[in-house]
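Read through the structure below, which is laid out as structure tokens, and then see the notes.
The values are calculated or read from the model by the stated rules, or taken from the named source; none is laboratory data. On a predicted model such as this, the values are computed, not experimentally measured, just so you know. Neighbour counts are summed over all protein chains in view; Cβ atoms, including those assigned to glycine, are modelled from backbone coordinates with ideal geometry. SASA here: full protein model, heavy atoms, side chains in, ligands and nucleic acids out. Shrake-Rupley method; radii C 1.70, N 1.55, O 1.52, S 1.80 Å.
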Amino acid sequence: MKSVEGCFLSIGAGKNQIPLIQAAKARGLHVIAVDRDSTAPGFKDSDIRILESTVEYRKILHAMSRVPYTHVLKGVGSRSFGGAIHSTAYLAEKFKLTGSSPSSISLFANKRSCKALLEKNGILVPKTLALPVSSPKSKKEVQLPYPILAKPAEGFAKKGISVIQDEKEWKVWSKGKKLTDWILEPKIEGNEVTVLGMVIQGQFHILSLSDKITTTEPPFIELVHIVPSANIRMTGEIKMICQSIVNITKLTNSPFVAEFKITETGECYLIEAAPEVGGEFLADALVKAHYSYSYFPDLLALYIGESPKLQFLLKEPKQNKLSAILFVLPDHKTKAVPPHTDFPLIAGESIFMKEELLPTATLLTNKEGNARRTFVYGISSTSAQNRDEWIQSLIDRSGGRLT
């Protein structure tokens, strides 16, 4: 890509932000990075540092008025989530740069209200259940269709999710909780997929479709993400649903990630969507290793007002090749992170990434959801083995668990 004269405002300088910062530097842009942590690793590749929380968008705007940068500000962006994404939208609007409006981004902040909006406009989502309160007329308590799923209206990383099997469990779970902070819905069975894409000038562009394997019990911790997806046949419908979400929320320019559950009858339920890059090493490692596609240069191009030419990553680089992101999840009895051992490979496999998530001896008793995972691998296989058998083999060899 050709060089660009100007500077880029990075909302965040943590480890996850480094690929975006490096993409900006590769285009010749000067980088102004914002992070409250003075030791954030992304500062190493930045030209100017602003020590401020990524969610304090007004303070960041004030700090920018005092920064002695001499280059034209070309774009502002983040690969984080939540408040950092709202800060990105706010600052893009203030500086008249490419982005989505803060009002559009805010629609995704509360899962309950976002789900209600999408459902009202025809998006298939798990039905939100009425809270079990007494009716003044019948004086009968509304019965829940057990088993039900309970999850926080605001949350991430699989924290706080529970499956409630019957009324007895409901009474125990609900005691002392403010139920308006929770979403109750029926438990939908099916195959899970993750969609990675971008919104460019109001048009959704799909990049990848990957299958997701989670624990069978709550909080449904993510263990494996694998490409190519076994649910490619659903790509057209998923793309149309994502475009509808973009239309409903009036997103204009942003990264986009969504999760769907596909039932045996072919129904495609939206589980979650967000104007974010998403995590799980999908953009960072999986699509790069399997499809030789670099995500972040295109994201940077989007943020600085260009229109990257995106294509669905469908063409297989090599017949029979499978690639997966594999997380190590200790069993329930493990109280602290055990010493790391090398992953045992079999014929046809190669490792394209590995990273420690929790240091050895870290206590696990206070870790919840995805935060309990200790190590992550990126593994490719070119053998002609059965897909499901390979996934199970990966989990078994990691010493992890499905339950």
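Worth a mention:
- Here the chain has 52 percent of its accessible surface on carbon and sulfur atoms, given a 1.4 Å probe and all protein chains in place.
- Computed with a 1.4 Å probe over protein heavy atoms only, the accessible surface of the chain comes to 48 Å² per residue.
- Hz values of 3J(HN,Hα) by residue in segment 345-350 - Karplus curve (6.51, -1.76, 1.60), Gly and Pro given as x: 8, 10, 3, x, 9, 8
- Comparing mean-square fluctuations of ILE221, ILE85, ILE60 from a GNM of the chain with C-alpha springs under 10 Å, the top value falls on ILE60.
- Applied to segment 49-61, the Karplus parametrisation 6.51 cos²θ - 1.76 cosθ + 1.60 on θ = phi - 60° returns per-residue 3J(HN,Hα) values of 10, 10, 8, 7, 5, 5, 8, 8, 5, 5, 5, 5, 4 Hz, with x for Gly and Pro.
- Aspartates and glutamates whose Cα lies under 19 Å from that of LYS175, excluding same-chain neighbours fewer than 8 positions away: GLU141, ASP166, GLU167, GLU185
- Label corresponding to Rg/Rh (Cα atoms, Kirkwood Rh) when calculated from the structure given, among (1) 1.09; (2) 0.97; (3) 1.01: (2)
- Computed over the chain: relative contact order in percent, which uses C-alpha pairs under 8 Å that are six or more apart: 14
- Sequence-separation-based contact order of segment 172-283, relative, with Cα cut under 8 Å and 6+ spacing, percent: 28
- Segment 269-275 - phi-based ³J(HN,Hα) in whole Hz, Karplus 6.51/-1.76/1.60, Gly and Pro as x: 8, 6, 9, 6, 9, 7, x
- Springs join every pair of Cα atoms under 10 Å in this Gaussian network model of the chain, and among HIS340, HIS30, HIS86 the largest mean-square fluctuation is at HIS340.
- Around the Cα centre of the chain, unit charges on the Cβ atoms of Lys, Arg, Asp and Glu (plus for the first two, minus for the last two) sum to a dipole of about 960 debye.
- HIS290 accessible area, 1.4 Å probe, all protein chains in place, Å² to nearest 10: 0
- Net charge, ILE188 excluded, C-beta distance under 12 Å - Lys, Arg +1, Asp, Glu -1: -3
- For the chain, the share of DSSP beta bridges that are antiparallel, to the nearest 5, is 80%.
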